[in-house]
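Inspection log for the structure reproduced underneath, given as structure tokens.
The values are calculated or read from the model by the stated rules, or taken from the named source; none is laboratory data. Treat the numbers as computed from the prediction; the structure is a model and nothing was measured. Every residue, glycine among them, receives a Cβ derived from its backbone with ideal geometry; neighbour counts consider all protein chains shown.
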Amino acid sequence: MNELAREVAADDGRGTTATGPSVVPPPATSLAPARIKPRGFRRLLNSFLNSWNGLKGAWREEAAFRQECAGALVVIPAGLWFGETGVERALLIAPMLLILVVELLNSAVEAAIDRIGPERHPLSGLSKDLGSAAVFVSFGLLGATWLLVLTD
Ligand SMILES: [Zn+2]
């Protein structure tokens, strides 16, 4: 048994081993190199911290995210007020949450593109336009559900 296999075998499932964080080997077919990845409670804690940092980053860097959060503060209470059943209330608020989700992913694409470099490239432009279109379509969903639920 090599060192890596011994570490994996010694893993108690709580994210630590006698030799430190476990090294999870990728499947033989994976293109990813072996990376040190925490597991168990540590992984959960890290992922909460990463998510919190992501929310703070989107708030700091993206005016659109701030505006959509402001919109959510109006749309979600209004949806809870206008919806007459649980299903209606869910339909009125869910697309607003989806807009925030799509905006976060769109911002992730933008950040990755900007990380590649500031120069203009048709594929960079296409990437950002596709992300923008995804946000646009999710607004369409919000409009459609409000129209359909309130005219029912
Ligand atoms: Zn943006």
Flag for Arg66 being surrounded by 10 or more Cβ atoms within 10 Å (Cβ to Cβ) and assigned to a helix (DSSP H, G or I):
yes
Residues to consider are Ile76, Ile99, Ile113; find the one that is free of Cβ contacts under 8 Å to residues at least 40 places away in the same chain, among the β-branched types (Val, Ile, Thr), part of a helix (DSSP H, G or I) and within 16 Å of the ligand (Cβ to nearest atom).
Ile113
Run down Ser51, Ser107, Ser127, Ser47 and say which single residue is out of contact with any Gly (no Cβ under 9 Å at 6 or more places or on another chain), of a type in the set (Ser, Thr, Tyr) and within 14 Å of the ligand (Cβ to nearest atom).
Ser127
Out of (1) without any contact (Cβ under 8 Å) to a residue 24 or more places away in the chain; (2) part of a helix (DSSP H, G or I), the odd one out for Glu88 is which?
(1)
Among (1) in a loop (DSSP other than H, G, I, E, B); (2) touching an Asp or Glu at 6+ places or on another chain (Cβ under 9 Å); (3) not aliphatic (A, V, I, L, M), which single condition is Glu119 missing?
(2)
Among the candidates Glu62, Glu68, Glu84, residue that is closer than 30 Å to Val149 by Cβ, at pLDDT 75 or above and in contact with a Ser or Thr (Cβ under 8 Å, 6 or more places away or on another chain):
Glu62
Considering every residue within segment 80-89, establish whether at least one is loosely packed, with under 14 Cβ neighbours inside 10 Å and within 16 Å of the ligand (Cβ to nearest atom).
no
